[in-house]
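The numbers here are math on the coordinates, done by the rules we state, and not lab data. Computed from a prediction, not measured in an experiment: that's the story for all the values here. When we count neighbours, we look across all protein chains shown, and the Cβ atoms used for this are built from the backbone with ideal geometry, even at glycine.
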Amino acid sequence: MTGVVPPLVTPLTPSYDVDTGSLARLIQYQLTGGVNGVFVLGTSGEGTFLTDEQRQVVLETVVGEVSGQVPVLAGVIDTSTARVGAHVSAALKAGVDGLVATAPFYAATHPAEIERHFTRLAALAGETPLYAYDIPVRVGTKLPTALVISLAKAGVIAGVKDSSGQEPSLRRLVMERREAGLNEFAIMTGSEVAVDSALAFGVDGVVPGLGNVDPAGYVRLFGASSAEAWDEQERLIRLFDIVDVADRSRMGASSAALGAFKAALYLLGVIDCPITAYPSVPLDEEEIAALRPLLDEAGLH
């Protein structure tokens with residue numbers, strides 16, 4: 001896994017059904033932008049908010065629309081190994097190319113239990129690559145570097161998406177990978193705003209939520225020289241201000257960010273409805289309108 005692999009939002013209808021037409025257009029928008037893969041049912045995809053039936057609709061729609069042009073990675077995120085295992089089976093049935101799992105959450109877990117979790121999932125995945133998703137703000141546990149390297153050496157995981165926001169830890173992981181000779185182990189950053197620096201110290205690519213809105217921008221950033229990357233990253237940092245438009249006194253940070261991504265795609269004509277999965281609070285008309293100048297400034301019309 002390398003390059004730009006956006007974690008796709010899940011477009012919904014006003015009645016909270018999966019909007020397969022909008023999802024198909026979103027896929028084409030990503031492919032036209034030149035992405036190297038797509039990741040569905042992650043945090044941006046509201047995977048943990050959807051029913052199993054909705055998740056299956058997403059998987060089948062995306063796999064069918066992508067039609068082998070780029071790899072499709074599926075989030076199999078849930079509280080326990082047994083529940084994640086059921087998602088693994090469903091994702092494999094749909095024909096995905098990779099699986100992405102966090103450590104178990106809700107119950108406090110020990111590194112030994114996290115190791116058992118990923119080892120069991122890898123056995124269920126068979127030949128399909130399994131990637132670890134390090135997002136401690138949601139899981140409550142930071143994946144220890146030593147454990148990640150151990151799982152990589154054992155062939156349990158094929159890579160990691162680091163959304164910890166801890167750049168020193170991410171850089172240490174890159175260093176440990178090099179020292180262990182794990183050249184095929186993929187390290188991806190989930191940051192939207194520090195991609196240029198992460199690429200400079202050796203990560204393999206980026207999984208940015210903002211990539212929903214501007215996939216081509218992240219593709220340019222990934223392929224740019226140092227000076228060009230600096231300019232492109234600064235443009236994307238300004239575009240990322242869309243997550244601050246919503247009134248945080250009436251909604252949480254996740255609603256504000258995902259609502260902004262969906263509202264931007266709505267304004268760009270990619271999806272039909274900017275609603276977020278229940279119980280998230282969607283952006284109102286005034287907040288949606290406030291995104292327009294930021295999109296214009298970023299050159300998105």
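Could you order peptides 161-171, 200-210 by the average number of other Cβ atoms within 10 Å of their residues, highest first? Mind showing how you got there, number by number?
Working: 161-171: 19.0, 200-210: 21.5.
Descending mean neighbour count gives 200-210, 161-171.
Listed by chain and number, the aspartates and glutamates whose alpha-carbon sits under 19 Å from that of Lys153, ignoring those within fewer than 8 places in the same chain, are Glu113, Glu115, Glu127, Asp134, Asp162, Glu176, Glu179, Glu184, Asp204. Taking trypsin sites (Lys or Arg not before Pro) across segment 189-291, the ones in a DSSP loop with at most 16 further Cβ atoms lying within 10 angstrom of their Cβ are Arg248, Arg250. All other residues whose Cβ lies under 11 angstrom from that of Met188 are scored, Lys and Arg at +1 and Asp and Glu at -1, for a net of -2. Amide H contacts of Ile157 (H built 1.01 Å from N, in plane; Pro and chain starts excluded): Ala152 sit under 5 Å, all sequence-distant by 5 or more or on other chains. Sequence-ordered 3J(HN,Hα) estimates for segment 61-68 from the Karplus curve with 6.51, -1.76 and 1.60 and θ = phi - 60° stand at 5, 5, 4, x, 6, 5, 6, x Hz, glycine and proline given as x. Couplings 3J(HN,Hα) of segment 197-213, computed from phi: 5, 5, 4, 5, 9, x, 5, 8, x, 9, 10, x, x, 5, x, 4, 7 Hz, in residue order, whole Hz [Karplus 6.51 cos²θ - 1.76 cosθ + 1.60, θ = phi - 60°; x for Gly and Pro]. The helix-only estimate of mean residue ellipticity at 222 nm for the chain, built from DSSP H runs of length n ≥ 4 each weighted as -39500 (n - 2.57), is -14500 deg cm²/dmol after division by the residue total. Counting other Cβ atoms within 10 Å as a rough exposure proxy, the listed residues His301, His117, His87 run His301, His117, His87 from fewest neighbours to most. Working note: Debye formula, equal point scatterers on the alpha-carbon atoms of the chain, no solvent; log10 I(q)/I(0) at q = 0.07, 0.08 Å⁻¹ is -0.24, -0.31.
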